[in-house]
1. Filter region 700-741 down to the residues that are farther than 21 Å from ARG752 by Cβ and of a type in the set (Asp, Glu) and list them by number.
2. What are the residues in region 702-723 that are assigned to a loop (DSSP other than H, G, I, E, B) and either polar (S, T, N, Q) or under 17 Å from GLU663 (Cα atoms) (or both), if any?
3. Applying the selection to region 766-781, what residues are surrounded by 14 or more Cβ atoms within 10 Å (Cβ to Cβ) and either part of a helix (DSSP H, G or I) or in contact (Cβ under 8 Å) with a residue 40 or more places away in the chain (or both)?
4. Which of the following residues is within 24 Å of THR391 (Cβ to Cβ), open to solvent by less than 10 Å² (accessible area, probe 1.4 Å) and in a helix (DSSP H, G or I): LEU212, LEU206?
5. What pairs come up if the first residue lies in region 33-56 and is of a type in the set (Lys, Arg), the second is surrounded by fewer than 24 Cβ atoms within 10 Å (Cβ to Cβ) and assigned to a helix (DSSP H, G or I), and their beta carbons are under 6 Å apart, counting only those six or more places apart or on different chains?
6. Residues ARG686, ARG667: which one is surrounded by fewer than 17 Cβ atoms within 10 Å (Cβ to Cβ), at pLDDT below 95 and within 22 Å of ALA500 (Cβ to Cβ)?
7. If we scan region 472-495, do we find a residue that is farther than 28 Å from SER658 by Cβ and of a type in the set (Asp, Glu)?
Amino acid sequence: MADTEQKPGLDKYQKLNLGLGLFVFFFTFLIYLMTVQRTVSFWDCGEFIACSYILGVPHPPGAPLFVLIGRIFSLLPTTADIGFRINLVSVISSAFAAMFGYFIIVKLVKDWFADSIDTLRRVGMHAGAVIGALLMAFSTTNWSSSVEAEVYGISMLMITLLIWLTLVWAEKRTTPEASKYLVLIFFIAILSTAVHLTTYLIVPMLMLMMLLLDERLRRNWMIWVTFAVLIVPVSSLVTFIYVGGLWAAVCLIIWSLKKDRSQVNLPFAIMMAAGVAFSCQLFIMVRAAEKPAINENAPDTWKKFEDFLERKQYGQMSMVERMFTRRGSWANQFGTHPRMGFWGFFQDQYGVGGAKFVFTLFPLGLLGMFEVVLRRWRKGVPVFLMILAATVGLVIYMNFADGTRPFAIPGDEANLEVRDRDYFWQPGFILFGLAIGIGVVTIWEIVSNWTRKKGMTKVTYALLLFLLLPVVALRASYFENDRSKNHIPYDYAYNLLISADSNAVVFTNGDNDTFPLWCLQEVYGVRKDVKIANLSLLNTDWYIKQLKNEMGVPISLTDAQIEALYPERTADGKVRRIQDKMIDNIIQANGWRVPIHFAVTVSEDNRLFRGQSLEENLELKGMMYRLKREKQPNMIDLAATTDLYINQFKYRGVADSSIFKDENSARLTNNYAAGFLYAADELRKRGDLPGAVKLVEKSIAVVPGEWRSYVYLMTLYADMDSLDKVNELLARAPKDIQANEVWLQVAADYHRTGKKAQAYALLKQKLAEQPDDDRFHRQLLNLYFRDSLFDSMETSLISWISTHPSDSEAQQALRDVRDMQAERTGVRLRGVETPGGSK
């Protein structure tokens, strides 16, 4: 790993280099270990943990290498929680990635100085390398994926390893062992497709570097063909199978026929290594044939395997085709648009955001990119293009939807992306972090050259303050990426599962009410009797057949009928999806034999039977809606729901302000507050106000940031004539609660429940306390009007106008009130002035 220097007496520098690389590894490993999720996370992590544990088949294109590595980690007795064990895959991978990032900078920069590396330059080189590697490690997107069971940790390791190996090859390209490095590089490159295709983004640039540096490679036509074949996975893994297999066969034939094998040996060896690496993908088909509990797309035949690798589940159009029809404006895709704007993520990666980033780290990184090109362009140009491809190139290629161009592509609603898409630019973010480190070396070199001339070389060491940059990044992103106490995803899945009746069929909506549930069932053994039916996947024939044939979900269709299902447009113009048809079929085929549930996360638009709403047939139980024969609005199993929310549900960390909750976690945990309030409102209707108060107080304790709970509890206190408690609650309520809006609501509730005198008195009191707030005055007038208390309206208006004489609307209202009184009494007052002087 360390750079080899042939000059005698430099072993200490070689050891220093290795030591600093190991420091980067162990330091980042320690931070990642301190912040890693101790159990399952949201999004794909639950699926990856479950598939690793049971050797299942996750969503296309499968990540079989991750699954196999994850399985090994699941067997290691490192910790009691299986999810924690598999999360360590990312911790270790990302720490190694940071270490190789350090070695990459050293390799690139050492080239600049040839044999003229003195102590001053060496300090600058190593300091810049440490800075760049740690900025890479603690860039917020990279850190986030380093502490959960995701494919990106291994992917980033492969990226940095491939770049480093290519730089090592560059040093040894004139030696006999150089070919071995090339074979290893392409073995790892093809193997990376069994983790995530992101890694392969840099491979074309590595090929360019090889061709620029080695004339022998440029003169070998078979190398050109081999490189062309090895670029094919960028667009299609399936095409690579056939093109790569054909070229490997040609290489074998040429190798067997030629006496002089000097030109064919390397291409043949590379293609053989590529074939061995790609064979990892066959795990998908072999394992799918065994029908594991999670078997996405069931790719157990060659044709299904091809469709799986091509991600046909997500549509027929290839990513290359889709790139040419923009799903969002350029300004939004490159800018700061929510969830998908590139610059919005980029500027917040390294702990210095906004304008500070624009004027500090951004130019420093650009300086590093351009300096690499200027110093050694044959290495620098490919590195520059890697960063460009992994940032600007991916904006163009991924073509994220900003929500402004629905159906730009037929069949694609193109709504705003469902989650932050920053992880797609992770390769660019880590490489730019390395570029910042190179920029630091460049600044060091400029300053040191100046101080040498002035005889003040020691001044240069002041630039070691740049070492504070990783500290700034570490401090800025620590809270956001600390998952060490975060059990919210596990508990959310647990609460959903235990809400279900025994042997229930549960319809779920998306990733976060499905993947964590799969994980709890398959890894932790929680409620395996419950059958999860994901509505999104219910639009695919393979999933429907799995539910019917392997999970025992009641479905009356034959396999042939399932394969023949298609969406259709109804007479009223609405689209009836396959999932809608399957909800109908499952409910009808079930015949009330097993409970049918909808998770609370399923929207009302999806809770349909034969095109009609099921709302009056649904009874809330915990976090599930139970399908009932009878019809009745707003049904709730109050006893079961109250018991679940009070006694059985887990809420670890939801109320802990020291645990970071992203938008997704906050949104999902707010479902707890909704459930508490639903049950409390039922108790209120039944006259059990103390019971309702107890539930809402528990809701505030569980989800203290949910304003609706505070407002509702205040109305309960008002119902109990405990206005002093309303004031107490307002004093500790979230700052975004508008106290005056609460009092207006309390007054409205008083009036609605027949406590009219209390409503008037409350509004008068608030108006006396805040005589200029016309909202209290307007509501008081409104209540008087509804109760036909025109005299009171007149008195209130006269009082208001006396202190607000310029309020022309109030003056007009007073005239209108007097006119209404006159019509009722038959007496019109003439010549009486309104306050303010108008007649």
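1. Passing the criteria: GLU706, ASP724, GLU728, ASP736.
2. Within region 702-723, the subset assigned to a loop (DSSP other than H, G, I, E, B) is 703-706, 720-722.
Hits for region 702-723 are VAL703, PRO704, GLY705, GLU706, SER722.
3. Across region 766-781, the qualifying residues are LYS766, LEU767, ASP774, ARG775, PHE776, HIS777, ARG778, GLN779, LEU780, LEU781.
4. Numbers: LEU212 fails: open to solvent by less than 10 Å² (accessible area, probe 1.4 Å).
When all the criteria are applied, what remains is LEU206.
5. ARG38/PHE84
6. On the way: ARG686 fails: within 22 Å of ALA500 (Cβ to Cβ).
One residue alone meets the criteria, ARG667.
7. No, because not a single residue in region 472-495 is farther than 28 Å from SER658 by Cβ and of a type in the set (Asp, Glu).
The rows are residues; the columns are (1) assigned to a helix (DSSP H, G or I); (2) under 27 Å from ARG475 (Cβ atoms); (3) at pLDDT 95 or above; (4) open to solvent by less than 60 Å² (accessible area, probe 1.4 Å).
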position	(1), (2), (3), (4)
GLY328	no, no, no, yes
GLN349	no, yes, yes, yes
PHE362	yes, yes, yes, yes
GLY368	yes, yes, yes, yes
PRO382	yes, no, yes, yes
LEU394	yes, no, no, yes
ASP412	no, no, no, yes
ARG419	no, yes, no, yes
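The values are calculated or read from the model by the stated rules, or taken from the named source; none is laboratory data. The structure presented is a predicted model; accordingly, all values stated were derived computationally and were not measured. A quick note on method: Cβ atoms are made from the backbone with ideal geometry, for glycine too, and the neighbour counts reach across all protein chains shown. Note: accessible area is taken over every heavy atom of the protein model, side chains too, but ligands, DNA and RNA are not part of it. Shrake-Rupley method; radii C 1.70, N 1.55, O 1.52, S 1.80 Å.
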